[in-house]
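A short write-up of the structure that comes next.
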Amino acid sequence: MKISFIKTIKENSIEALSLMVAVALWQLVAGIIVHNKFLLPSFYDVVTSFFVIIKSGLVTDILTSLLHFSIGIAAALIIGIPLGISMGWFKKVDRAVDPIIEILRPIPPLAWIPFGIVWFGLTHQAAGFVVFVGMIFPIVINTYTGFKNVSKVYVEAAKVLGCTRDIDLIRSIAIPSALPSIAAGIRIAMGVGWMCLVAAEMFGASNRGLGYQLWFNYYLHRMDFVLVYMLLLGFLGLFIDRLFRYYVDSKLLRWTAGTVV
Amino acid sequence: MGRVSVKYVSRIFTKKEDGTGTEALQKVSFDVEDGEFVCLLGPSGCGKTTLLRIIAGLEVLTSGEITLNGIPIIGPDPKRGMVFQQYSLFPWRTIIDNITFGLEMQGIKKAEARKQVEKYIDLVGLEQFKNSYPYELSGGMQQRAAIARALANEPEVLLMDEPFGALDAQTRNVLQDELLKIWEQRHVTILFVTHSVDESVFLSDRIVTMTSRPGRIKEIVNVELSRPRCRTGAEANRLRDYVLKLLEEERFKR
């Protein structure tokens, strides 16, 4: 256990060194040159504030933010994937839905915040709604693209093997074939959704959560706290992305291992 | 039993923009007897692949009729297995799961289907690779698996569209030998599209040669060579020469 830990440090020595230098530089610049906790809190300030925040109920805020995120992603997956599938498989659905999507898509997700509040009030659903708006389009479009790129030879091979109904072709051929594209769409959507989450909480669609706390502490001019929440948002986003990638690459997309090295 | 009968089949491709048509096939007629190995041979663009795809049910005909055991063909059906020129194994399924695909579509449980296809995996010699994904296999092994996948449905006729076209010469020879072995064991009717005279002379009972576009039948050549055949025997060479000359006539006609 101890040996493998040391080995990891050795293997990732450049990465670790780079991080340590960055933190040291930060501490130096903040502590000696800027010397102003409001303009640039130092690494040390941030660490101490972090422990204060833990004691004052960080877990509730993290869980609240994750709840908002979950509402958004669940809704986006439940609506986005079937929509992308039917647009990709049935030409008429594509023609009917595409103009609507093309008009709604350029609207920045944050522009939906007022309606989110009006429709859902100050509930978790309001913040989830903004996340949903941010996530739905990358999911729909990548699912659609994945379906459009299903190789004709797979569909024909399936047909001569006795798989001729649309529902069977979608389930057995098109979905697995489009899965890399769908997964990429979900990943992009998670990035967008995470940003929308912070904005939604900041601009009043919630009275808890990491984004809300970030803005609240800004009003109190506690910039060291603001920085802690910023870093937390970054780490949490990174963690969610890695978790998703690990699951998808090792469980669902093992068969693509040869195509991308 | 698998008796294919092609009667006066024509196929015209119409362009959507101006309505002009290209005649790919013109009144093609021939029969394939049960258990026979027939090659369709012709210059590129003569419509041989189109004809095979019509028989598979993946393409429609403009006029005429094709029957399998007297029943007209209207769409794809597992009774007519097909092996494609491109690698067509589903990359997201392992080799064994590719081969069980047809059985699963018939509603057979996966575990039961796996047991049933074991003999086809043996037949094409892929026992060692049954749990691999297609990207881990060479081109020749992928086409072997594709043949096993088509056979697992126990088709009455096996349609093959230049299945060895993308393989190197040595692998192609090995697979030709193996295909003949399979054909003798399973006694399935095979209709095989190729542009290689050597391949058609080595494999088939009869060679249906076609003219350049529009594709018509030029001549049906009986290959009366005893099996197992020698690739370079005097009789084979004579026949090869004859068929090559038939095709050459087509080249000058253009």
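Miscellaneous remarks
- Of the DSSP H helices in chain B, those whose Cα atoms cover at least 18 Å axially and whose Kyte score averages -0.5 or more: B:139-152
- Fluctuation leader among A:LEU17, A:LEU197, A:LEU227 - chain A, Gaussian network, Cα springs under 10 angstrom: A:LEU17
- Viscosity 1.306 mPa s, temperature 10 °C, Stokes-Einstein D of the protein assembly as shown from Kirkwood C-alpha radius, µm²/s: 57
- Anchor B:LYS245: lysines whose Cα lies under 16 Å away (excluding residues fewer than 8 positions away in-chain): B:LYS218, B:LYS253
- Structure-based [θ]222 nm, chain B - -39500 (n - 2.57) summed over DSSP H runs of at least 4, per residue, nearest 500: -11000 deg cm²/dmol
- Cα Rg, Dmax (largest Cα-Cα span) when computed across region B:62-153, Å: 14.5, 47
- Bins of 5 Å, starting at 0 and running to the largest distance - Cα pair percent for chain A: 1, 6, 10, 12, 13, 13, 12, 11, 9, 6, 4, 2, 1, 0, 0
- Dividing the Cα radius of gyration of chain B by its Kirkwood radius returns 0.97 for Rg/Rh.
- Rounded Å value of the spacing that divides the Cα centres of region B:146-169 and region B:40-110: 10
- Rounded to the nearest 10 degrees, the inclination of helix A:2-11 to the longest alpha-carbon principal axis of chain A is 80 degrees.
- Sorted into 10 angstrom bins from 0, the C-alpha pair distances of region B:84-218 split as 12, 42, 32, 12, 3 percent.
- Sorted by Cβ density within 10 Å, fewest first, the residues A:LYS251, B:LYS115, B:LYS16: B:LYS16, A:LYS251, B:LYS115
- Per residue of A:246-256, other chain Cβ atoms within 10 Å of the residue Cβ number 2 on average.
- Local net charge near A:LYS92, Cβ-Cβ under 14 Å (Lys/Arg +1, Asp/Glu -1): -1
- Greater than 31 Å apart at Cα, pairs in A:LYS148/B:LYS115; B:LYS48/B:LYS181; A:LYS152/B:LYS109; A:LYS92/B:LYS15; B:LYS16/B:LYS48: A:LYS148/B:LYS115
- C-alpha long axis of helix A:223-247 to longest principal axis of chain A, angle in °: 30
- For chain A, built as a Gaussian network whose Cα springs stay under 10 Å, the top-fluctuating residue of A:ILE182, A:ILE103, A:ILE53: A:ILE103
- In chain A, the longest principal axis of the Cα atoms and the axis of helix A:124-148 are about 40 degrees apart.
- Exposure proxy order (Cβ contacts within 10 Å, fewest to most) of A:MET135, B:MET1, A:MET190: B:MET1, A:MET190, A:MET135
- The alpha carbon convex hull volume per residue for region A:98-186 rounds to 118 Å³.
- Sequentially through region B:204-220, phi angles give Karplus couplings (6.51, -1.76, 1.60; θ = phi - 60°) of 9, 7, 9, 10, 8, 8, 10, 7, 6, 3, x, x, 10, 7, 8, 7, 9 Hz, Gly and Pro residues having no value and appearing as x.
- Distant alpha-carbon pairs in region A:1-140 (separation over 19 angstrom), percent: 71
- Distance between the C-alpha centres of region B:170-233 and region A:108-147: 61 Å, rounded to the whole angstrom.
- Magnitude of the charge dipole, region A:59-117, Cβ model with Lys/Arg +1 and Asp/Glu -1, debye to 20: 240
- Basic side chains Lys and Arg get +1 at the Cβ, acidic Asp and Glu get -1 at the Cβ, and with that the dipole of region B:1-103 about its Cα centre reaches some 140 debye.
Computed from the coordinates by the stated procedures, all read-outs in this text should not be read as laboratory data. No experiment lies behind these values; they were computed from the predicted model shown. Methodologically, a virtual Cβ is constructed for each residue, glycine included, from the backbone with ideal geometry; neighbour enumeration extends over all protein chains shown.
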